[in-house]
Amino acid sequence: MAKRILIMGAGAVGSYVGGYMARMGENVIFVDPWPEHVSAINNNGLTLEGLTTEECFNTPARAISLTEVQSLAREAPIDIAFICVKSYDTAWATMLIKDYLSPTGFCVSLQNCINEETIASIVGWGRTTGCIAAKIAVELTGPGVVRRGVPLGGKKHTVFRAGEVHGRVTPRIEEIVRLLSAVDSAKVTSNLWGERWSKLVANAMRNGICAATGMGANECDKETITRRLSIRLAGEAVKIGQALGYELETINKFAPNEWVKAMDGDEEMINNMENTMEESAVGRSDASRPSMAQDIAKKRRTEIHAINGFVVEKAKEIGLDAPVNKKLVDAVHQVETGAKNQSLDLVASI
């Protein structure tokens, strides 16, 4: 019997990943609070757009609103629940779907940040797994429509890395990789926590800068001020992750220690990184912007406290400081609350 799959939070990532699964014929249910989005999915299907013809398609899908979740009690239970909401919504979203999981049902955190502990506090560690989506750059551009602004990872870059919290390879995590392989390249990782912090570093060095400045990903990679700031943010976050004992992975083509070297002023490394950043803009849509910048544009709450703020919080717990990340948190918070307008000047002095 086919697995019953629930996508909790049909935003950009949830709709994109779930859309591919729906096209495969998987039994997928999308849950989202945006009425127009739910209606569009049910009436017109999900429309996915990308940089190639093969990535552009429409697929029929089923969506329900938050107030309709209780109707799942009349249906077969959920086998796999992908948690795709913003980090600050993780607790209530997990609580909402907890009672509809099958006896062997489990949750997959397919989110930014590190939310597995929050999910486990509600459904238990045995029902908690995680998955990193690296360099996916998707945006919900309208009801029922998702656009991807970067090329597929394919053999060049593994986009999805799914893992158990204990690091062992299990049939259920292999099933997750099978599902995600229809979307883009995917693998099982035995280093979920190291992957998680590495992705946190990648988010910390770009998301907040775009949110504070209003610049897109390509603009930031072509501007010296933002390139240099991203290097310092990354190096600082790497040092905290290493101090916490995580085995970090390659981050945006560079080894963890190379980010620290660049942060500490190694000019050759800085030049290598800046050149790589500029090259990364080639083939990427100028409209591509990270999720936090999308949130600012839509006047929504950002995940700055769960990303750069998390780095600051964890540093404090072990007696260290993360001043660069802290200053970026303050800058984004000012834009988020309307106290300041987006501008390059807002981050130039960090």
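Take G126 and tell me if it is small (G, A, S) and over 30 Å from N218 (Cα atoms). In short, yes.
Here I225 qualifies as closer than 26 Å to Q342 by Cβ and among the β-branched types (V, I, T).
Per-residue answers, yes or no, for (1) modelled with pLDDT of 95 or more; (2) among the β-branched types (V, I, T); (3) farther than 20 Å from K86 by Cα; (4) not assigned by TED's automatic domain parsing to the domain that holds N203:
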| position | (1), (2), (3), (4) |
| --- | --- |
| I307 | yes, yes, no, no |
| G319 | yes, no, yes, no |
| K326 | yes, no, yes, no |
| D330 | yes, no, no, no |
| L344 | yes, no, yes, no |
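For the range 104-136, a residue qualifies if it is surrounded by 19 or more Cβ atoms within 10 Å (Cβ to Cβ) and of a type in the set (F, W, Y), and exactly one does: F106. Filtered by the rule that a residue be in contact (Cβ under 8 Å) with a residue 60 or more places away in the chain, closer than 16 Å to I78 by Cα and buried (at least 19 other Cβ atoms within 10 Å of the Cβ), the range 15-64 gives G18, M21, V31. The residues on offer are N257, N272, N325, N341, and the sole one that is exposed (fewer than 14 other Cβ atoms within 10 Å of the Cβ) and either in a helix (DSSP H, G or I) or touching a helix residue (DSSP H, G or I) at 6+ places or on another chain (Cβ under 8 Å) (or both) is N341. Given the criterion in contact (Cβ under 8 Å) with a residue 12 or more places away in the chain and over 22 Å from the mean Cα position of the chain (by Cα), identify the matching residue among I251, I270, I240. Being in contact (Cβ under 8 Å) with a residue 12 or more places away in the chain and over 22 Å from the mean Cα position of the chain (by Cα) holds for just one of I251, I270, I240, which is I270. As a summary of the residue check, R289 satisfies the conditions (1) modelled with pLDDT under 95; (2) farther than 19 Å from K86 by Cβ; (3) outside any helix (DSSP H, G or I) except for the one numbered (2).
The values are calculated or read from the model by the stated rules, or taken from the named source; none is laboratory data. Remember, it's a predicted structure, so these values are computed and weren't measured experimentally. A quick note on method: Cβ atoms are made from the backbone with ideal geometry, for glycine too, and the neighbour counts reach across all protein chains shown.
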